[in-house]
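Enquirer: What follows is a single structure, and I will ask about it in a moment.
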């Protein structure tokens, strides 16, 4: 009897938590109840759902195997969920699955002017929450910060009625970040370049991409943090001119991290770059370099990789 009463009280408490309204880029989105048929796009967004314990509220995910290989942790997390599309999902695929929620972002499953947007999915009863980092693609945004990732977790917590769980998770991340960066000397930040892909022209992280915030937390400065974009293609000339002391390799795509490092080591055009001369490379997995639960682990890697290189 006591358990039954407790269950009713918990149910009533959850019911009182709704409706909730969260800000998603330039929109306010209201939920009258927690979604029960959610879909996430990309590996980092899917991990946000999983760390909040939301797998039972999901009917699938999209946009992972077409580009990335899941590690053991992720394979276990999504083991019972179908991948509805290997790359970006079409509107037809999403509508056909009959979800009530899609967690995606601009260039993380949605494209500006594309067939999958909050506006095109709304008429089908599919609410969309947009990844905070990606909001720069549709409007003005502050420079990227670790808070962007925390914001997404907290908003998901409110949307799914697990706000206490999200708050505790974020508090743990903040404490872990404070601990790992406690001894970081920021008086003379290391010059860092993020190399994601591309040989003719590199694809890198600008002012609004998560690596910029993680590099700063670890005591460095992204040499491209004046580029008013998120992830973007640039020319090699400014990379050489700005002479990074460390190069962060994002392990993503068909070209391995080792091959990217070898490309930079063997190309005469890069022979004078400090990072190449001194073999200073730090490798981050895609899921660490994009907003998600592994960002704190990424900062820990960066702090370890930067150690002894400052000053």
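Enquirer: How many residues are more than 24 Å from the chain's Cα centre (by Cα) and either closer than 21 Å to residue 209 by Cα or modelled with pLDDT under 95 (or both) if we restrict to the stretch 245-268?
Expert: Qualifying residue count, the stretch 245-268: 1.
Residues are listed down the side, and each one gets a yes or a no for (1) surrounded by 16 or more Cβ atoms within 10 Å (Cβ to Cβ); (2) touching a strand residue (DSSP E or B) at 6+ places or on another chain (Cβ under 7 Å):
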| position | (1), (2) |
| --- | --- |
| 143 | no, no |
| 149 | yes, no |
| 154 | yes, no |
| 175 | no, no |
| 203 | yes, yes |
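Enquirer: Identify the residue in the stretch 26-50 that is out of contact with any strand residue (DSSP E or B) (no Cβ under 8 Å at 6 or more places or on another chain) and assigned to a loop (DSSP other than H, G, I, E, B) and, among all such residues, is surrounded by the most Cβ atoms within 10 Å (Cβ to Cβ).
Expert: The extreme case among them is 34.
Enquirer: Please work out which one of (1) under 19 Å from the mean Cα position of the chain (by Cα); (2) assigned to a helix (DSSP H, G or I) is the condition residue 56 fails and give its number.
Expert: Of (1) under 19 Å from the mean Cα position of the chain (by Cα); (2) assigned to a helix (DSSP H, G or I), only one is false for residue 56: (1).
Enquirer: Would you check which residues across the stretch 65-113 are free of Cβ contacts under 8 Å to residues at least 12 places away in the same chain, assigned to a loop (DSSP other than H, G, I, E, B) and over 15 Å from residue 47 (Cα atoms) and list them?
Expert: Within the stretch 65-113, 113 is the sole residue that qualifies.
Enquirer: Which one of the conditions (1) over 16 Å from the mean Cα position of the chain (by Cα); (2) in contact (Cβ under 8 Å) with a residue 60 or more places away in the chain; (3) not assigned by TED's automatic domain parsing to the domain that holds residue 102 does residue 165 fail to meet, given that it meets all the rest?
Expert: (3)
Enquirer: Out of all the residues in the stretch 51-64, which are buried (at least 20 other Cβ atoms within 10 Å of the Cβ) and either without any contact (Cβ under 8 Å) to a residue 40 or more places away in the chain or not assigned by TED's automatic domain parsing to the domain that holds residue 151 (or both)?
Expert: Matches in the stretch 51-64: 58, 60, 61, 64.
Enquirer: Now, a different point. Of these, 70, 131, 50, which one is on the phi < 0 side of the Ramachandran plot, at pLDDT 95 or above and in contact with a helix residue (DSSP H, G or I) (Cβ under 9 Å, 6 or more places away or on another chain)?
Expert: After applying the criteria, what remains is 131.
Enquirer: Output the number of residues of the stretch 170-227 satisfying the condition of being outside any helix (DSSP H, G or I) and within 18 Å of the chain's Cα centre (by Cα).
Expert: 14
Enquirer: For the stretch 178-202, how many residues are touching a helix residue (DSSP H, G or I) at 6+ places or on another chain (Cβ under 9 Å) and more than 27 Å from residue 232 (Cα to Cα)?
Expert: Of the residues in that region, 4 qualify.
The values are calculated or read from the model by the stated rules, or taken from the named source; none is laboratory data. Quantities reported herein were computed from a predicted structural model and do not represent experimental measurements. FYI the Cβ positions are ideal-geometry reconstructions off the backbone, even for glycines, and counts take in every protein chain you see.
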